[in-house]
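The values are calculated or read from the model by the stated rules, or taken from the named source; none is laboratory data. No experiment lies behind these values; they were computed from the predicted model shown. We place every Cβ from the backbone using ideal geometry, glycine too, and count neighbours over all the protein chains shown. Accessible surface is based on the protein model in full, side chains and every heavy atom, while ligands, DNA and RNA are left aside. Shrake-Rupley method; radii C 1.70, N 1.55, O 1.52, S 1.80 Å.
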Amino acid sequence: MTFSVPRYLVPFHPKRVPHFFVDVLIVGGGIAGLRAGIAVDPRLSVLIVTKDRLQQSNSHYAQGGIAGVLDPADRFEDHVRDTLATGVALCRRDVVEMVVREAPERICELIEWGTEFDQEEGNLQLGREGGHSHQRIVHALGDATGKEMMRAVIQRIRGRPNTLIWENTFTLDLLTEDGACRGALVWNHHHGKTLIWAKQTVLATGGAGQVYRETTNPDVATGDGHAMAYRAGLALADMEFMQFHPTVLYIAGSSRSLITEAIRGEGARLVDATGCRFMEQHDERLELAPRDVVSRAIVSRMEETRQPCVYLDLGHLEAGTVRKRFPGIARLCEKFGIDIATDRIPVRPGAHYLIGGVRVDSDGRTELPGLWAAGEVTSSGLHGANRLASNSLLEGLVYGAHAGRRASEQAVQQPDSFRAPALRNPVVPSHDEPLDLDDIRNSLKSLMWRAAGVRRDGRRLAAAAESIDHWCQYVLQRQFADPHGWELQNMLTVARVMIAAALAREETRGVHMRSDFPAADDAGWQRHTAFSRAAQGACVSEA
Ligand SMILES: Cc1cc2nc3c(=O)[nH]c(=O)nc-3n(C[C@H](O)[C@H](O)[C@H](O)COP(=O)(O)OP(=O)(O)OC[C@H]3O[C@@H](n4cnc5c(N)ncnc54)[C@H](O)[C@@H]3O)c2cc1C
C-alpha cells in the first residue's frame, strides 16, 4: 500500500505551548470515557476531554437500550450463545462470557446513579431485538435510552471533585516516548495547542460513521481516536466490519435519523417506490430478518428500481397506536410534512457501528504501555464479524469500568513528575495553499458509500484505494490550523485502513459482504485482519 502517514498532525515545540499535568487523562466523554472516569481512585486527578459538548456522542443518541440477563427466566448461556452466533465465529468466547456476566452489575449501578429505565408494574420493562432469544433489553424514555443514561452518568461525573472536564477541546495526537504513551496533544480556542502529560491515558473516542455519506452517527464520529492510535503505531483490527443500520430516514435536508427496528417489530412493512413489499423475496423472517440481510435487500431493491430509497409503510396499522408508540419519530417526520400513520417514511441503510478498532485485552489494555481503551474505538473481541443489538453500550460500560480501574491502579503507583519529556516531533512547520476541505470530505464520504458500503467487490475497493491514496498524498502532508482539517486527515486515514481490510478479506462474513466472494471461507478466514503504520509511515498488514 502506497499510503503513508506522518507521526503527528501538527508541529509543536514544548517551549512554545502550555503544559498541563494530570494523573489520568481520558480522551472522549461518551459512555466508555465517563464510566472510566468514575472508576478512577478519587485521590487521583482526572481530565476528560471531549471535542464537542458532553451531550454530543453516539452514546447520547442510542435508542434501543442495553442488553443484560435480568429476567430470572433468561440465562447467561443464552445471551452468550446469541452473541457468538451473531459474530459468525470471530468473537472471543472468554470476552463474551465476561461481558455478559458483568451486564447485570453494570446496569444496576446505572440505576443506582439515577438512570430511570422504563418500568412495567414496578419491574424493569425488558425489550427484545433482532438476534436475542429472550427479552433482555433495558430502555428509557421509550426510544431515548442514551439521553437518559448519559444524563445520570454526566451528573455522577460532575459530582466528582477530582475530575475536570474540558469540552470543545480537540485531541490531535497521543504523545509517545520510549515506547509508552505519555498523554496527548489537545487544542481549544482558549489556549490553542496544549501538551497534556498524563501518568495513564484512556482512549474512548467512539466510532467513525461520518466516513460514510449515509450514517446514523453524529458529527463527532470521525474516527479521530482510531487515526491517532494508528499514527502512534498501534494496529487497527477488523476495520472491514462496519455495521449498517437498514432504516435511516432519507429526506433531503433532514438529519439522517435512525428509524428504530422496533417500528418493524410493531408491523411496519418495507415497500419500494411502487408500493411493492419486497422482503419476502429475501428472507422468510421478512422485515424482521437480521440487519445485514435487510440492508442488502434494501440496496438491491434501490438498484432494481433505480430509486434513492425505499419506504416504511405503517398504513395498515391503527393510526392512534402508531403515533402513541413512536412519538419521537412521529414528531421528527411531521416537521417534513410526513404523518407516519398514513404516509410512507423514506428510508435507506446508513453506517451505524464500527466493529473494528484498537486491540485491547479484557482489562482494556492496549499494546502501547500507558494507554488503555474502551468502547467503540476498540476491537475487544466481543462482536466478532457482526454486533448483536444493544451489546455496544454494554461493552462501553464494562470496558470503561475495567480500563478506568486499571489505569487508576497504575497511576497510583507512579510518583508525580512535573517535567516535560523532550519529545521528538519530526513534523516541521509549513505554509500550504488552502484546500477546499468540504469538497474532499464529501467526495470521500460518497466514495466510501459506493465502494465500501453494504455490498463490496474487489474492483471497486481497489479503485477507491487509488483515489484515497491520491487524496492522502496532498492532504495528509499538510498542516491545518483547526479541527475541520484534522478531522479530514483522520477520516482519510481511517477510510484507507477500512478499504485495505475490506480488500484483504476475500469472503462474506457478518456485516462484510463481498459480491465477488459471496460465501464464508471458514478454512481461510476465521481470523482477524490488522493494519499498522510501519517505520516509514507506510501501512502494513499484520494478518
Ligand atoms: C443513533 C444511534 C443509536 C444507537 N443505539 C444503540 C442502542 O440502542 N444500544 C447500543 O448498545 N448501542 C447503540 N448504538 C451504538 C452505541 O451508542 C455506541 O457504540 C456507544 O455509545 C459508543 O460509546 P463510546 O463511549 O465508545 O463513544 P461515544 O459515545 O461516541 O463518545 C465518543 C466521545 O469521544 C469524543 N471525541 C471523539 N473524537 C475526539 C477528539 N478528537 N478529541 C476529543 N474528544 C473526541 C466525543 O466528543 C465523545 O465525547 C447506537 C448508535 C447510534 C449512533
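Between rounded, prolate and oblate, where does the range 365-440 land on the alpha carbon gyration tensor, with a ≥ b ≥ c its root eigenvalues, rounded for a/c under 1.5, else prolate if a/b exceeds b/c? Taking the square roots of the gyration eigenvalues as a ≥ b ≥ c, the range 365-440 is oblate.
When peptides 426-434, 236-244, 344-352 are sorted by average Cβ neighbour count within 10 Å, with the highest value leading, the order is 236-244, 344-352, 426-434. Residues in the range 217-260 average 18 Å² of solvent-accessible surface per residue, probe 1.4 Å, ligands and nucleic acids excluded. The angle between the Cα long axis of helix 76-86 and the longest principal axis of the Cα atoms of the chain comes to about 90 degrees, rounded to the nearest 10. Taken over the alpha carbons of the chain as equal point scatterers, the Debye sum produces base-10 log I(q)/I(0) values at 0.05, 0.09 Å⁻¹ of -0.19, -0.63. By the compact-protein rule of thumb, 2.2 N^0.38 Å, the alpha-carbon radius of gyration of the range 13-114 corresponds to a ratio of 1.43.
Between the residues A252, A262, C276, the greatest Cα displacement towards the positive end of the dipole of the range 223-292, with unit charges on the Cβ of Lys, Arg, Asp and Glu, is found for A252. In a DSSP loop and with at most 14 other Cβ atoms within 10 Å, the trypsin sites (Lys or Arg not before Pro) in the range 355-434 are R419, R424.
Tell me, what is the percent relative contact order of the chain, built from C-alpha pairs under 8 Å that lie six or more residues apart? Over the chain, the number comes to 24 percent.
Amide hydrogen proximity for R182: with H placed 1.01 Å from N in the peptide plane, the residues at 5 or more positions away or on another chain lying under 5 Å are L175, T176, E177. Note on L503: accessible area approximately 50 square angstrom, rounded to 10, probe 1.4 Å, nucleic acids and ligands left out.
Taken one residue at a time, the phi angles of the range 490-504 give Karplus couplings (6.51, -1.76, 1.60, θ = phi - 60°) of 5, 5, 5, 4, 5, 4, 5, 5, 4, 5, 4, 5, 5, 5, 5 Hz. Gly and Pro are set to x.
The ratio of the alpha-carbon radius of gyration of the range 18-59 to the globular-protein estimate 2.2 N^0.38 Å is 1.19.
Distant-in-sequence amide contacts of G453, defined by a placed amide H-H separation under 5 Å and a gap of 5 or more residues or a different chain, comprise nothing. Taking the helices alone, the chain has a mean residue ellipticity at 222 nm of -10500 deg cm²/dmol, built from -39,500 (n - 2.57) per DSSP H run of at least 4 residues and averaged over all its residues. Packing here is the average count of other Cβ atoms within 10 Å per residue, and on that basis the peptides 25-38, 145-158, 306-319, 191-204, highest first, run 25-38, 191-204, 145-158, 306-319. Across the range 147-270, Cα pairs under 8 Å and at least six residues apart give a relative contact order of 14 percent. Dividing the Cα radius of gyration of the range 236-295 by its Kirkwood radius returns 1.02 for Rg/Rh. Quotient of the Cα radius of gyration of the range 406-543 and 2.2 N^0.38 Å, N being its number of residues: 1.36. Of interest is the spacing of the C-alpha centroids, which for the range 3-78 and the range 152-198 amounts to 10 Å. Compute log10 of I(q)/I(0) for the range 283-332 with the Debye formula, placing one identical point scatterer on every Cα and leaving out solvent, at q = 0.16, 0.17, 0.18, 0.21 Å⁻¹, to two decimals. The Cα Debye sum returns log10 ratios of -0.65, -0.72, -0.78, -0.91. Within a straight-line Cα-Cα reach of under 30 Å, K147 can be paired with the following lysines, leaving aside sequence neighbours fewer than 8 residues apart in one chain: K51, K324, K335, K445. The range 257-310 and the range 335-375 have Cα centres separated by 21 Å. Working from Cα pairs under 8 Å separated by at least six residues, relative contact order for the range 429-517 is 40 percent.
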